[in-house]
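Only one structure is covered here, and it is reproduced in the block below.
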Amino acid sequence: MQKSVRYNEGHALFLSAIARKEGTKRGYLSKKTAENSRWHEKFFALHQNVLFYFENEQSARPAGIYLLEGCTCERAPAPKMSTTGKEALEKQHYFLIMFGHDGQKPLELRTEEECECDEWVEAIQQASYSDIIIEREVLMQKYIHLVQIVETEKVAANQLRTQLEDQDTEIERLKAEIIALNKTKERMRPYHVFHENDDPDIKKIKKVQSFMRGWLCRRKWKIIVQDYICSPHAESMRKRNQIVFNMVEAETEYVHQLYILVNCFLRPLRMAASSKKPPISHDDVSSIFLNSETIMFLHEIFHQGLKARIANWPTLVLADLFDILLPMLNIYQEFVRNHQYSLQVLANCKQNRDFDKLLKQYESNAACEGRMLETFLTYPMFQIPRYIITLHELLAHTPHEHVERKSLEFAKSKLEELSRVMHDEVSDTENIRKNLAIERMIVEGCDILLDTSQTFVRQGSLIQLPSVERGKLSKVRLGSLSLKKEGERQCFLFTKHFLVCTRSSGGKLHLLKQGGVLSLIDCTLIEEPDANDEESKAGGQVFGQLDFKLVVEPSDSSSFTVVLLAPSRQEKAAWTSDISQCIDNIRCNGLMTSVFEENSKVTVPHMIKSDVRLHKDDVDICFSKTLNSCKVPQIRYASVERLLERLTDLRFLSIDFLNTFLHTYRIFTTATVVMDKLADIYKKPFSSIPIRSLELFFATNQNNRGVDHMNDKSPRLCRKFSSPPPLSIPSRTTSPVRTRKLSLHSPITARVGGLDLTSPLSNSSVNNNTSQSAGSSPTSAQTPTPQTPTPTTSSPPPPPSSTSPPPNNSKPTQDQNSRCSVSPASAFAIATAAAGHGTPPVFTNSERTCDKEFIIRRAATNRVLNVLRHWVSKHSQDFEMNGDLKMSVICLLEEVLRDPDLLPQERKATANILNALSQDDQEDAQLRIEDILQMADCPKAECFESLSAMELAEQITLLDHIVFRSIPYEEFLGQGWMKVDKTERTPYIMKTSQHFNDMSNLVASQIMTHTDVGSRANSIEKWVAVADICRCLNNYNGVLEITSALNRSAIYRLKKTWAKVSKQTKALMDKLQKIVSSEGRFKNLRETLKNCNPPCVPYLGMYLTDLAFIEEGTPNFTEEGLVNFSKMRMISHIIREIRQFQQTPYRIEHQPKVTQYLMDKTLIMDEDTLYDLSLKIEPRLPA
């Protein structure tokens, strides 16, 4: 313990200020002076192990300082006093501080309260660190004891060493004596013994025996080695070594990618930022590249360690390398956390022409191999999952008794824990990359795609029909329009906007000058023509009910109508379902997002903050930090009940959750359970909906202060409703569009709560013009009295009021009249928008109860119809394969139609769903592979030489897409294609695989049928040309079919044939092979698919590999039995990409003469026949 402490006055004043403000213990104590033994009251403050005292609490400078380290504190008895002062002494409580320093007097203190005295004693005792000092002394004693033991052991070791040396000397002496005795014995033996041993026959016999023993020993060892080589353990070790070698190769490639990122982009851009006219600032460079240079240094060290271990092969010890790497991998959290912002900063910098030109110059470097900077920035995002997969494979081939087993399992668990932390940041990366890829394809650029909350939904080709004034279609024929391709548009749907582009002859996309970017908040979707609109009805007959309208009403310009034509009914249903869902999300999102916390990084609506079940983890649900399209935290794990509760929550329904649920519900529940839940929500909404949801649904704003009346024309306040079911309010004034949206004009303040059903109609009136709801009278903004309804021809007759009686049968008639002043459509709109505000009450409690009951029933019907419509339109295969499910949906919809209170648009939406279910031809007469195989009147198949490369490529693409689109999405669940009964579980995936093999065998067989070299070379060049045309048609499956056939050993070994192939053809083949190469998990093919527009036929094996990684890497359920919904979301993302390519058809005319040749199984040879024929054509050269 130190005897003295160096004193720094400034430091002491600083510590005294902290102690006076934030000390562990502060208060007044009486201190006994050493001179006159008097007690003076001082203000004491304790901070860590230093005790300060001041003259009073306001003193800035301490009067004294005590260092408490090593001291002891205990209660002290009161001093003996006279009888007069005895009573005063009993009220005082004394304690004593004795310091461990020599010559320092103890400090005597006292307080008036006993509890305060005990608190001071305990605080000072803790500040003295006496426990630590005692522990240190104990450890020192143990250390001294261990040192003594070590010294004793050293002495004993020296003694033993001396004894061993003596014994070695004795052994050598005894050996010398034995040798001397043996020599003496040899001299004493008779001479004839040596003579017999020299017999040649005996020597031969001994030599043969020695040879036989050696041969038998070698044979035995050979059998042992062969048995081991064929054993499962040796096979497992070989696979394990191969996994390690692959990991080293992958690590080499990753380090090379990081090297290119740093040396070809980061360091040159740093130099450019330091120039006189910098195209980019240093802050932007740091924001784009983050800590990528540190990551490169880390992996260079790890890579060197891996190469050193490979040098010591076959002894492969890797666990200690991962032990060193694991603590450093936390640097990936910063990279992943800011990756979104990094890509956004890069996109903003590209708006600068100088920077964009400089970046393209860097990207043209040969080392980049045509890859963009965004690609290199994304590589680190997948490194942690790659390590997890590698460790998973290593553990699968590592025996349980292996020395590295526990270390590898620990490393895998730590990496999985880190991956779960990073998963929330990775989830939006794919969406951002998709948005950036689309933004790069548009020549003019598109600023809305730089919004990170903009989520891609779908894309495809639609035909835009020309329109004239008043929204009526011009007299135009579909045939002429599609032939000239005048109206073909490439459309992109996002959660907030709808993009309409034209494609130039060079393949570039251009936004339309008018109506190229449509804000969905200003749009109304009209799916079916109005029965009373003759023009729309005639147009529907001309176009076969394939057209739909988007009525756009921007706040700053006049309204217009965009009429689009889908290629099929299935495509129309998918487009309208997604557009409707996006519009509904924007409506709920915008109206609920009213109150935000200041300086909050994550903006969550007030309704969500009020309901902890939507963002707080519980025993049956766990949330991530990422928000979905409704600004609600995404679900990571949840029970089936909580997932069904979220599906039927009346306040919001995000499109990403709905797609994920409908794609993957078979994994954790059944269609019957989902239908029962929907039926309960419709039939018993009050008992099926959570009470907290109902409370927040009818939450009333209590903060009525500071209401600022805003302009009624504000685009933020005018929220529109999409269908189904939009709330139609026929207007008295003539309008080019009969189905109008309901706009809510209501003031929004900084403190807006939930819904107040007691507000008068003046606060949330439906338009300022005179309007009328279907089935109710027009309302007045001044008085709540009923008015006489104005008859209209476009609305059906209203249902009788007696069908929906109020709960209280004794309600007066005047109250009923008052109740009728609010139309059902208006009440439902106000409720679902949650836009009411606190005003003086108008209705009685019974009236409000009646309103609430009606609104809840309408909202429940709306949610059920919304889910069913999305389910039926986008997942029709569920109902085609399950007749009971189809009948239960039909029965529920028929029951909905019998509801007398059903709104007109709800009735129309229900009828549309029933019509979609009752359609027998769901495929729109599209070709099927069975139809092609069973064509009886087809002409005879032609030979290969008579068919052009264009005809072959088009028909291969048509056949590949027909086979690809026939796969139902449920076959992608559960890895059925890898099971023993894969033919029964996934028949269509097996057909696709068989079709791929047949086409590849056909290419190889056709080449091998030629006997002369020139014909074979011409066939190879023609097939390469076919593959290149398939690439132009976005048929990458066909490209891989042909290139894999050309790489077969039977064809690849034909050196004389390949010598005749032209250099241009070889270069083209190398280019095609590079696109479809499996290197880096098909990284080149993935980049190509992100930048291509449907129709497209991707390689199915790439997606099956992704699904297998997801299935093997993460379980479906947690240990607590919760559904791993993060895994479901990843699976749904892959299935959505597959279905997007499935649903966009090719416009290629079927040519039976070509398909008959391609499907002819008699032309196909097996692998052995091909190789034998190859050996016959070009025999092996003699060794």
Residue that is farthest from Asp960 (Cα to Cα) [pool: residues in the stretch 1157-1177 that are open to solvent by 50 Å² or more (accessible area, probe 1.4 Å) and touching a residue at least 40 places away in the same chain (Cβ under 8 Å)]: Tyr1171
Taking the stretch 16-52, which residues are open to solvent by 40 Å² or more (accessible area, probe 1.4 Å) and touching a Ser or Thr at 6+ places or on another chain (Cβ under 7 Å)? Trp39, His40, Glu41
Check off (1) more than 21 Å from Val963 (Cβ to Cβ); (2) in contact with a Gly (Cβ under 9 Å, 6 or more places away or on another chain) for Pro1094 and give me the number that stays unchecked. (1)
Can you name the helices (runs of 4 or more DSSP H) wholly within the stretch 859-932 that have at least 1 residues being aliphatic (A, V, I, L, M), surrounded by 14 or more Cβ atoms within 10 Å (Cβ to Cβ) and at pLDDT 80 or above? 883-897, 904-918
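Identify, please: which residue in the stretch 66-80 is among the aliphatic types (A, V, I, L, M) and part of a loop (DSSP other than H, G, I, E, B) and is, among those, least open to solvent (accessible area, probe 1.4 Å)? So that I can check it myself, show each step before the final result.
Initial filter on the stretch 66-80 (among the aliphatic types (A, V, I, L, M)): 67-68, 76, 78.
Those left that are additionally part of a loop (DSSP other than H, G, I, E, B): 68, 78.
Numbers: Leu68: 0, Ala78: 54 Å².
This residue is Leu68.
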If Ile133 meets every condition in (1) in contact (Cβ under 8 Å) with a residue 40 or more places away in the chain; (2) within 30 Å of Glu41 (Cβ to Cβ) apart from one, which number is that one? (2)
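Collect the residues in the stretch 1107-1150 that are over 22 Å from Gln459 (Cβ atoms) and of a type in the set (Asp, Glu), keeping them in residue-number order.
Selection gives Glu1111, Glu1112, Glu1119, Glu1120, Glu1149.
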Can you tell me which residue within the stretch 102-128, out of those that are over 20 Å from Tyr53 (Cα atoms) and out of contact with any strand residue (DSSP E or B) (no Cβ under 6 Å at 6 or more places or on another chain), is surrounded by the most Cβ atoms within 10 Å (Cβ to Cβ)? Cys115
Number of the exception - Ile124 against (1) at pLDDT 85 or above; (2) out of contact with any Cys (no Cβ under 6 Å at 6 or more places or on another chain): (2)
Is it true that Gln340 is open to solvent by 30 Å² or more (accessible area, probe 1.4 Å) and touching a residue at least 40 places away in the same chain (Cβ under 8 Å)? yes
Check off (1) open to solvent by less than 50 Å² (accessible area, probe 1.4 Å); (2) under 25 Å from Ser1044 (Cβ atoms); (3) touching a residue at least 40 places away in the same chain (Cβ under 8 Å) for Met1102 and give me the number that stays unchecked. (3)
Please specify each residue of the stretch 265-297 satisfying the condition of being under 15 Å from Tyr379 (Cβ atoms) and crowded, with 18+ Cβ neighbours inside 10 Å. Phe265, Leu266, Ile288, Phe289, Leu290, Ser292, Ile295, Met296
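Give me a count of the residues in the stretch 53-65 that are surrounded by fewer than 18 Cβ atoms within 10 Å (Cβ to Cβ), outside any loop (DSSP other than H, G, I, E, B) and in contact (Cβ under 8 Å) with a residue 24 or more places away in the chain.
Applying the first criterion (surrounded by fewer than 18 Cβ atoms within 10 Å (Cβ to Cβ)) to the stretch 53-65 yields 55-61, 63-65.
Remaining after also requiring outside any loop (DSSP other than H, G, I, E, B): 64-65.
Filter once more, keeping what is in contact (Cβ under 8 Å) with a residue 24 or more places away in the chain: 65.
Here the count works out to 1.
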Expected single match for touching a residue at least 60 places away in the same chain (Cβ under 8 Å), closer than 26 Å to Gly445 by Cβ and assigned to a helix (DSSP H, G or I) among Asp323, Asp356, Asp284 is Asp284
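Could you please give the count of residues in the stretch 991-1013 that are in contact with a Lys or Arg (Cβ under 6 Å, 6 or more places away or on another chain) and either surrounded by fewer than 16 Cβ atoms within 10 Å (Cβ to Cβ) or without any contact (Cβ under 8 Å) to a residue 24 or more places away in the chain (or both)?
So the first thing to find is which residues in the stretch 991-1013 are in contact with a Lys or Arg (Cβ under 6 Å, 6 or more places away or on another chain), and the list is 1004, 1007, 1010, 1013.
From what is left, the residues that are either surrounded by fewer than 16 Cβ atoms within 10 Å (Cβ to Cβ) or without any contact (Cβ under 8 Å) to a residue 24 or more places away in the chain (or both) are 1010.
Here the count works out to 1.
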Counting residues that are surrounded by fewer than 21 Cβ atoms within 10 Å (Cβ to Cβ) and at pLDDT 85 or above, which helices (runs of 4 or more DSSP H) fully inside the stretch 567-680 reach at least 2? 640-647, 655-668
Filter the stretch 303-322 for residues that are open to solvent by less than 30 Å² (accessible area, probe 1.4 Å) and at pLDDT below 85; the one that is farthest from His339 (Cα to Cα) is Leu316
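The values are calculated or read from the model by the stated rules, or taken from the named source; none is laboratory data. Just so it is clear, the structure is predicted and the values come from calculations on it, not from any experiment. Here Cβ is always computed from backbone atoms with ideal geometry, including for glycine, and neighbour counts include all displayed protein chains. All accessible areas refer to the heavy atoms of the entire protein, side chains included, with ligands and DNA or RNA removed. Shrake-Rupley method; radii C 1.70, N 1.55, O 1.52, S 1.80 Å.
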